[in-house]
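What follows draws every value from the coordinates through simple rules; no lab data is involved. Everything numeric here is computed off the predicted structure, so don't read it as measured data. We place every Cβ from the backbone using ideal geometry, glycine too, and count neighbours over all the protein chains shown.
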Amino acid sequence: MIINSGKNERTLGIYVHVPFCLSKCKYCGFYSQAEGDEKKTLSSTGDKAVAASPLTVEAYMKSLLEDIEEYSRVYEDCNFIVDTVFFGGGTPSILPYEFIGEIIAALRKGFTFVKGQPEISIEANPKTLTADKLKAYREYGINRLSIGVQSFDNRMLEFLGRAHRAEDAAETFKLAREQGFDNINLDLMFGLPNQTMNSWRDSLDKVLSLKPEHLSLYSLQLEEGTELFRMFENGEFAQLSDELDRDMYHYALERLNKEGYDHYEISNWALRKDLRCRHNLKYWDLSEYLGLGPSAASYVNGVRFSEEPGFEYRENSLEDNAAELAFTALRTGEGIDRQLFCERIGVSFEDVFPDIMKRLEEHARCGRLEIDDRFIRLTEKGIDTSNQIMSLFV
Amino acid sequence: MDQKFIRNFSIIAHIDHGKSTLADRIIENTGLVASRDMKEQFLDNMDLERERGITIKLQTTRLVYRAKDGNEYIFNLIDTPGHVDFTYEVSRSLAACEGAVLVVDSTQGVEAQTMANVYLAINEDLEIVPCLNKIDLASSRPEEVKAEIEDMIGIDADDAPLVSAKEGTGIVDLLEAVVEKIPAPTGNPDGKLKALIFDSVYDNYKGVVIYARIYDGKLQEGDEILLMNSKKKYEVTEVGVMSPGHTPTKHLSAGDVGYIVASIKQVKDARVGDTVTLAGDPTETPLPGYKKVQSMVYCGIYPAEGEKYEGVKDALEKLQVNDAAFLFEPETSTALGFGFRCGFLGLLHMEIIVERLEREFGLAVVTTAPSVVYKVVMNDGREEMIQNPTNLPPLTEISHIEEPIVKADIMIPKDYVGTIMELCQERRGTMIHMEYVAGNRVQLHYEMPLNEVIYDFFDALKSRTRGYGSLDYEFIRYERSQLVKLDVLLNKDLVDAFSMIVHESRAYARGKFVCEKLKEIIPMHQFEVPIQAAIGQKVIARTTVRAYRKDVIAKCYGGDISRKKKLLEKQKEGKKRMRQFGKVEVPQEAFTAVLKYDNK
């Protein structure tokens with residue numbers, strides 16, 4: 001199904017997955033290769049047991065550039081206007097910066113970019129950035145930087161298997177500022193085993209003292225297949241209690257509110273409305289985006305598909321679209337915009353989900369939702385158990 | 001056939017002592033059936049029987065054996081069910097015989113179940129022919145076991161054939177012993193018809209097929225028969241013998257074991273133990289020992305969420321057609337809606353029925369706590385039999401409650417005496433006496449309330465003795481007892497399906513156990529779910545399933561919506577196996593989990 005935005009031009013976000021890291025973080029469930037892995041596997045070429053040969057940076061670049069060309073041809077007639085690009089990973093910042101430049105150039109060649117300033121974000125880890133690299137990013141038009149700080153507590157960083165120390169984060173941040181980055185996000189994690197409220201407050205203090213434009217605060221999730229998951233199954237650590245995890249979250253809500261941050265998505269805050277991550281917002285309102293690179297997910301022309309590994313191809317029905325729009329929109333601060341829903345789906349929310357509407361009203365009575373004439377949004381309390389509400393739609 | 005060439009006998013054995021295998025060998029050795037055709041005829045037919053290693057339905061067959069004396073003998077081999085729940089059925093099939101082959105595992109020795117069946121056989125005046133099985137095993141100790149048989153049963157085991165049913169050795173010795181030792185039947189073929197129903201099955205084409213032993217007289221097609229206890233009359237359409245399939249014959253006469261078809265619609269109309277005679281020329285005295293089977297254990301069976309009431313009803317009807325001991329009638333529960341109250345011989349019988357519903361009919365059902373039948377004596381002296389705790393009259397109207405007491409015979413290796421006495425004490429047992437028997441084993445005789453036995457006593461006995469303990473029990477009397485109704489409240493609402501009647505002294509422990517078990521099983525909700533156990537208005541135990549504090553996908557990044565959707569779908573899938581009580585969702589397994597009380 002084709003989402004008709006009512007204009008002839010359709011906007012498109014482009015996500016570029018860079019599947020390389022200095023070392024694999026223990027909690028990370030995203031597809032990536034650590035440098036060590038690569039060398040190890042590279043040195044054993046000819047060993048038939050290594051059937052899935054490691055992806056070299058060269059091979060990655062080659063196939064990525066081919067994909068960009070290919071997709072630009074496939075979507076030639078769609079009149080897409082690219083207004084956001086997001087380099088995620090993995091750790092995009094460990095790629096030699098020229099490669100980032102090459103990728104952006106290829107994208108600009110294959111696709112029409114929006115006039116003015118498209119939002120171009122890149123994720124980076126402390127210690128992987130240099131002044132030269134940052135300068136080059138600016139030259140390529142990258143205007144948003146997302147730094148994976150995760151914690152200011154070295155014990156926590158070690159536990160998570162991060163390749164940097166607490167001190168590195170502030171240095172990297174200052175370096176970025178010096179190179180003119182005025183839209184910086186910092187990632188922090190909470191709900192970590194043995195993390196105390198004090199440690200969390202301290203991390204928040206430190207991060208706020210840097211005055212970033214944007215903050216992402218993630219509660220630790222144990223993902224199957226990760227080192228941390230294995231350790232947990234082996235009984236090597238106990239998960240933090242749900243109570244403390246939520247206390248940390250609600251502390252952050254209150255604290256960031258005082259500091260003037262706008263809580264616009266379950267895990268995201270921005271200093272001003274125009275500093276929200278426009279690319280990530282596309283995921284919550286059924287906007288179209290193209291994912292490039294291994295395992296990247298796309299939603300274009302009403303089809304959800306993912307690159308290998310984890311290949312998927314699913315043509316969304318109207319019901320799929322309705323359900324996905326509903327549960328993803330609930331993640332946002334505005335919530336489900338029933339007016340937008342009706343425009344996108346072509347049928348009113350109440351007509352698509354008459355039974356669910358009753359359940360939602362029940363949740364509203366229990367203080368988990370706010371429902372007004374136009375919006376249905378989670379309350380702060382409702383966020384804690386939002387899966388219970390979202391699963392109504394699947 | 002001259003009666004002197006007929007031998008009617010059963011094989012009695014403890015579970016796993018090799019009865020079914022031995023029966024197979026006997027059939028092979030009589031040369032009547034090629035071994036490849038035999039399997040389906042003689043092995044335990046149901047998957048369930050095979051898995052559990054027990055015989056649920058009887059199998060009967062007629063064999064021809066050419067003995068060393070040069071004569072051909074007819075062997076009517078009547079298989080018996082092998083579990084404590086089916087004692088009456090065993091006793092009736094034994095009554096159809098003159099003798100019994102007692103199979104004792106020569107590596108295990110005599111077990112409680114063996115004893116119980118031997119006593120039943122002795123009560124029926126049967127000649128017991130002992131044989132020792134599994135002599136091929138290194139751990140076999142035939143001499144000791146022979147001595148045990150002599151000590152414990154008081155029969156001569158000196159010449160007991162040594163058999164390996166598995167390898168087929170010693171079978172001929174056994175068959176010769178059957179010919180020599182088991183007496184031929186001695187009924188009067190010219191007397192008035194007197195036949196014993198020892199089993200009946202339902203056949204889709206013929207209706208009920210009665211398996212009977214003819215004591216006196218003759219029977220043939222066209223005769224009008226009278227079932228003396230049910231007082232019903234039927235015209236015989238076919239008689240025959242099992243060889244091993246149904247083989248019609250002209251007639252059956254004194255000494256024979258055979259089948260009768262007479263357009264009978266339900267097995268409950270041709271009950272085991274009833275006497276068949278001719279309607280036109282009846283015998284004056286029916287055979288002794290007829291007993292209408294009493295259901296000892298009751299429980300509710302309800303369609304699980306999304307299952308249809310009618311579907312369950314059809315299945316129960318089909319099962320009942322073939323199982324006279326199984327009763328059911330409609331009932332309703334405020335918690336579970338429309339369902340059935342079902343009566344069983346015992347807990348195993350109940351489990352078998354429930355498993356058959358699930359496997360053979362593909363139905364998902366919820367079973368409520370099993371209950372025995374209580375005698376409630378009202379203030380005005382009226383007596384009410386209550387088998388559903390929910391139906392207990394208001395306490396103010398009750399003078400007192402009586403509960404069924406059973407005599408439990410437990411046999412265990414002596415090392416386990418301490419733990420089993422403890423178990424029996426926990427279950428309110430009174431020890432009558434205890435005896436050390438051969439082979440380092442001890443027999444404990446207890447009187448115990450049946451409601452303590454039915455839950456998981458047998459499982460507990462097995463697990464506390466590493467499988468070596470065995471149990472036999474029978475109802476002896478009703479006894480006045482301090483019983484109370486224990487209710488369970490979820491989120492302050494009474495869930496009647498969990499109600500149970502327990503002894504006052506055990507109410508607190510039981511209540512606490514149920515609360516804790518439910519706390520483990522009931523998933524977290526958006527709100528706190530208090531779980532309470534109460535007697536009347538008085539709450540005696542409580543726990544709380546705390547509310548979900550956190551159920552949120554924090555990171556939803558890279559636009560991989562499908563992955564998140566799958567997570568949510570998985571969560572929703574889990575909810576489908578739940579049963580909703582008010583606002584509380586309870587997994588199906590909660591109903592059985594609260595019954596598994598033993599924690600050792």
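Within 10 Å of the Cβ of each residue in B:565-572, the mean number of Cβ atoms contributed by other protein chains is 5. I need the calculated FRET efficiency for the pair B:GLU479 and B:GLU235, taking r as the beta carbon distance and R₀ as 35 Å, to the nearest 0.05. Taking R0 as 35 Å, the efficiency between B:GLU479 and B:GLU235 is 0.15. Computed from the C-beta positions of B:GLU28 and B:GLU176, the FRET efficiency with R₀ = 22 Å rounds to 0.85. Note that the protein assembly as shown shows a convex hull volume over its alpha carbon atoms of 234 Å³ per residue.
Per-residue ellipticity at 222 nm from helix content only, as computed over chain A with -39500 (n - 2.57) for each DSSP H run of at least four residues, stands at -12000 deg cm²/dmol.
Here the translational diffusion coefficient of the stretch A:262-394 follows from Stokes-Einstein with Rh set to the Kirkwood radius across Cα pairs; for 10 °C and 1.306 mPa s it amounts to 101 µm²/s.
The lysines whose alpha-carbon is closer than 20 Å to the alpha-carbon of B:LYS218, local same-chain residues fewer than 8 away aside, are B:LYS4, B:LYS192, B:LYS194, B:LYS231, B:LYS232, B:LYS233, B:LYS250.
Note on B:ASP415 and B:TYR436: the extension gain reaches 6.4 nm, defined as 0.36 nm multiplied by sequence separation minus the Cα-Cα distance. In this rough spin-label picture, where each label sits 7 Å from Cα along the Cβ direction, the B:SER139-A:THR130 distance is 7.4 nm.
The mean number of partner chain beta-carbon atoms within 10 angstrom of a residue's beta-carbon across peptide A:241-249 is 3.
In chain B, the longest principal axis of the Cα atoms and the axis of helix B:309-321 are about 20 degrees apart. Summarising the strand pairing of the protein assembly as shown, around 70 percent of its internal DSSP beta bridges are antiparallel. Residues in the stretch B:146-161 carry Karplus couplings, in order, of 4, 4, 4, 4, 5, 5, 8, 9, x, 10, 6, 10, 4, 8, 4, x Hz; the curve used is 6.51 cos²θ - 1.76 cosθ + 1.60 with θ = phi - 60°, and Gly or Pro positions show x.
In a reduced charge model with +1 at each Lys and Arg Cβ and -1 at each Asp and Glu Cβ, chain B shows a dipole moment near 3120 debye about its Cα centre.
Taking θ as phi - 60° and the Karplus parameters 6.51, -1.76 and 1.60, the scalar couplings of the stretch B:376-389 work out to 9, 9, 7, 4, 7, x, 5, 10, 10, 9, 10, 10, 10, x Hz in sequence order, x denoting glycine and proline. Need one number: nm distance between label points at A:MET357 and B:LYS265, each 7 Å from Cα along Cα→Cβ, rounded to one decimal. Roughly 5.3 nm, to one decimal. The convex hull defined by the C-alpha atoms of the stretch A:318-394 has an orientation-averaged projected area of 4.3 nm². When its C-alpha radius of gyration is set against 2.2 N^0.38 Å (N residues), chain B gives a value of 1.08.
Only helices enter this figure: runs of n ≥ 4 DSSP H residues, each worth -39500 (n - 2.57), summed and divided by the residues of chain B, yield -7500 deg cm²/dmol at 222 nm to the nearest 500. Working note: Cα gyration tensor of the stretch B:91-148, eigenvalues times five, square-rooted, sorted largest first, giving semi-axes of 24, 10, 9 Å.
Per-residue mean of foreign Cβ neighbours for A:381-394 is 6 (Cβ atoms of other chains, 10 Å radius). Taking only the Cα atoms of the stretch A:2-282, the ratio Rg/Rh comes out at 0.98, with Rh defined as the Kirkwood radius. Principal-axis analysis of the Cα atoms of chain B puts helix B:171-181 at an angle of about 70° to the longest axis. Cross-link partners for B:LYS566 among the lysines, with Cα-Cα distance under 27 Å and sequence neighbours closer than 8 places in the same chain left out: A:LYS24, A:LYS26, A:LYS282, A:LYS358, A:LYS381, B:LYS550, B:LYS555, B:LYS575, B:LYS576, B:LYS583. Note on the stretch A:202-253: the C-alpha convex hull projects to 4.8 nm² when averaged across all orientations.
Under 5 Å from the amide H of A:ILE81 lie the amide H atoms of A:ARG10, A:THR11, A:LEU12, each residue being 5 or more positions distant or on a separate chain, with H modelled from the backbone and absent for Pro and chain starts. Rounded to whole numbers, the Karplus 3J(HN,Hα) couplings from phi for the stretch B:128-141 are 9, 10, x, 9, 9, 9, 6, 6, 6, 7, 5, 7, 5, 9 Hz, using 6.51 cos²θ - 1.76 cosθ + 1.60 with θ = phi - 60°, and x at Gly and Pro.
Of all lysines in the structure, the ones whose alpha carbon falls short of 28 Å from that of B:LYS134, not counting any fewer than 8 places away in one chain, are B:LYS19, B:LYS39, B:LYS57, B:LYS68, B:LYS146, B:LYS166, B:LYS181, B:LYS414, B:LYS462.
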